[in-house]
Structure formats: C-alpha cells, structure tokens
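Inspection log for the structure reproduced underneath, given as structure tokens.
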Ligand code: UT7
C-alpha cells in the first residue's frame, strides 16, 4: 500500500547509533572459512563488520545518543518502537528492557519486519504523531552474529551487529514532513530468507539479490511518484545496507548516484533493521543533510518485505 500525504509536522530531533567494539574483518573470516577479502569486497562491498554485544545494550546506547542529541528530557518520550529480528528473549519485547534502562514507562513494543523493520517503524511512529503524540523514540537494533552459522561462507560474511535510533517529534516549529511512503510484502518469497527456531539463517542469496533489486526499484519509484519528486531532486538516499551491488543495479534503473547515497556497509556489513538508522546517523554527523532537503529511505528483506519513505528533512 502506498500512503497519502499526511499534513503533520515531522522533525528528526536527534539521531544516534552504536556499534559493538569487536571488529571482524574479511581477513579474520578468511582464516575461519574458505573465502577471501577479494571475493567479499568484490561481491558485496563489505570490508568489516562488528560482532558481540546484546540487542538491548546496543539499542540503549543508540537510543541514549539520539535523546542526548535531541536535548530533550528522556521523560518526554511518549513511545518506544524497536525494530529487530534478534530480540534478547522470545518474550518480553526487548523494547521493555530498553525503556527500563532509559528510565521510561511509556508504551513500547518490538516490531518485526526483518531488514525493512525500521522503515515500517517510521510509518507507525508517524501514525502515533498524527494521533497526538509529540515525541517518539524509534530504534533499529540487531545482533546478527547470534543468527548466522559461522561455518557457512555464503551468509556469515554478510551480517554484523549494531543499532541506530532517532527521536521523532511533531511540533509546530517543524517544517519537515513525511511526504509519501510505500510498504509491501510478498509472502510467496518467504522461503528465500528465513531463520527457524533453533536453526541458523537460511538464504538463497542469488534470488534474494534479484528480488531485492526489483522491489527497491518498484517501491522507491512508487514513493517518488506519489510525491511528484524526481530522483535528482532527492538530496540523500538512505538504503538498507545489504550489498553495494544491489544498490548499483537498482540505482541505474532509478537514476540515483552512489554520491547521493548514505553507505556504511563497508564498515558494518548488513545490520538488518539497524542498517538504515546507522547509515542515517553517519550522514547526519557528516552534515550531508540540511533542513528542507528531500531524504528517501528504502529497506527490504525477509518475508519478503519492503518499505520506502520520502521525508522533507527537518533535523535538530
Ligand atoms: O537483507 C537482505 C539480506 N540478504 C541479501 O541482501 C543478500 C543478497 N545476495 C547477495 O548479496 C549475493 O547473492 C551474495 C553476496 C550472498 C553471493 O554473491 P553472488 O555473486 O550471488 O554469488 P553466488 O551465490 O552466485 O556464488 C558464486 C560462487 C559460488 O561458487 P561456484 O558454485 O560458482 O563454484 C559460491 O560457492 O561463489 C561461491 N561463494 C563464495 N566464494 C568465496 C559463495 N560465498 C562465497 C564466499 N567466498 N564467501
């Protein structure tokens, strides 16, 4: 479904991220399995990723950084949405741990839409703001090293751990807004990428790659068309960080350039639901986005789920 233009102000009041300390390079992986830095770099663009930490620990660190940068009293947060595929426990939601450690007693829940989860969270959070909430903490956090089999070279090289967070605010002082969005699922593609209870991640990489390019193109184009925006008018695209070749193929068809794109996958690998807010934080810290700029988010992953959202940026 593609969203209509909501007339509510949206401000990214604070953005933050967290990565665990431990770096796992392509050379480290080459010592563990039959692969090489050359193969991984050429096929994916990834040079290293981080491992270790816990999903709640990374989410708390990223959430705290976003709140600190927003300058707001944490108690003013009215809801926490945590997008994750790797919760600390089967229950309760990891968001409850995050809320406790941040000193919050507002509503919280975990959101599971695989690597597209953070974009889903953005639409959900915007809905809460439209309902009258003023401030929401939206986090994506993952510990993918708990899900992959480190003897399987076709998947182990891709993933990493991390978290990213934003404080979203609706206030009359904001000129930002969510202009358009598109969310979708093709459940017939479920078999391409899944993790069962008690087993590690299974992926048909080649097919995921093919479908990913097609849904990224379709969803992004729908979202741009809905807002009447051309690719060259977008200041920054913040895509899910899975494989640089997926982006290169999709960008050729969409008319985007890599220069327009927030890319951190060389340092982080694929951090699933955390990858978009981590890349956003990197871009914000590098002053790559100004108030009034158009920013496109696009995510895709297991399900197969996908989502894109175009915002007129208003930062802190
Ligand atoms: O969040 C979404 C999650 N997933 C994705 O986005 C993944 C999408 N898919 C991909 O990124 C790519 O398909 C991969 C990076 C996983 C694989 O790249 P590929 O270019 O599609 O390689 P392939 O699977 O077609 O395999 C080519 C060859 C095979 O050998 P043969 O059969 O040609 O002899 C593989 O066995 O490369 C071999 N191979 C490797 N070689 C060295 C597979 N993994 C490795 C490896 N190191 N790590």
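The values are calculated or read from the model by the stated rules, or taken from the named source; none is laboratory data. Keep in mind that what you see is a predicted model, and the values were worked out from it rather than measured. FYI the Cβ positions are ideal-geometry reconstructions off the backbone, even for glycines, and counts take in every protein chain you see.
Answer yes or no: is there a residue in segment 183-206 that is closer than 26 Å to residue 12 by Cβ, in contact with a strand residue (DSSP E or B) (Cβ under 6 Å, 6 or more places away or on another chain) and in contact (Cβ under 8 Å) with a residue 24 or more places away in the chain.
Looking through segment 183-206, at least one residue is closer than 26 Å to residue 12 by Cβ, in contact with a strand residue (DSSP E or B) (Cβ under 6 Å, 6 or more places away or on another chain) and in contact (Cβ under 8 Å) with a residue 24 or more places away in the chain.
Can you find, within segment 31-51, the residue that is farthest from the chain's Cα centre (by Cα) among those that are in a loop (DSSP other than H, G, I, E, B) and crowded, with 16+ Cβ neighbours inside 10 Å?
Filtering segment 31-51 for residues that are in a loop (DSSP other than H, G, I, E, B) and crowded, with 16+ Cβ neighbours inside 10 Å, the one farthest from the chain's Cα centre (by Cα) comes out as 35.
Would you point out which residue out of 217, 237, 229, 213 is in contact with a strand residue (DSSP E or B) (Cβ under 8 Å, 6 or more places away or on another chain), at pLDDT 95 or above and outside any loop (DSSP other than H, G, I, E, B)?
237
What are the residues in segment 166-176 that are in contact with a strand residue (DSSP E or B) (Cβ under 6 Å, 6 or more places away or on another chain) and surrounded by 21 or more Cβ atoms within 10 Å (Cβ to Cβ), if any?
Correct list: 166, 167, 168, 169, 176.
Any residue that is assigned to a helix (DSSP H, G or I) and without any contact (Cβ under 8 Å) to a residue 12 or more places away in the chain - is there at least one of those in segment 74-83? Walk me through it before giving the result.
Pass one, segment 74-83, residues assigned to a helix (DSSP H, G or I): 74-76.
The next check asks that each one be without any contact (Cβ under 8 Å) to a residue 12 or more places away in the chain; those that pass are none.
No.
Are any residues in segment 130-169 in a helix (DSSP H, G or I) and at pLDDT 95 or above, and if so, which ones?
Of segment 130-169, the ones in a helix (DSSP H, G or I) are 130, 144-146, 153-156.
Of everything in segment 130-169, those that are in a helix (DSSP H, G or I) and at pLDDT 95 or above turn out to be 144, 145, 146, 153, 154, 155, 156.
If only one of 196, 172 is in a loop (DSSP other than H, G, I, E, B), at pLDDT 95 or above and over 26 Å from residue 62 (Cβ atoms), which one is it?
From the options 196, 172, the qualifying one is 196.
Checking residue 204 against (1) more than 26 Å from residue 146 (Cα to Cα); (2) surrounded by fewer than 16 Cβ atoms within 10 Å (Cβ to Cβ); (3) more than 19 Å from the chain's Cα centre (by Cα), which single condition isn't satisfied?
The number of the failed condition is (1).
Taking the condition away from the ligand (no atom under 16 Å from the Cβ) and either over 26 Å from residue 301 (Cβ atoms) or surrounded by fewer than 22 Cβ atoms within 10 Å (Cβ to Cβ) (or both), does residue 13 pass?
When the stated conditions are applied, residue 13 passes them.
In segment 30-48, which residue that is more than 10 Å from the ligand (Cβ to nearest atom) and touching a residue at least 60 places away in the same chain (Cβ under 8 Å) is nearest to residue 160 (Cα to Cα)?
48
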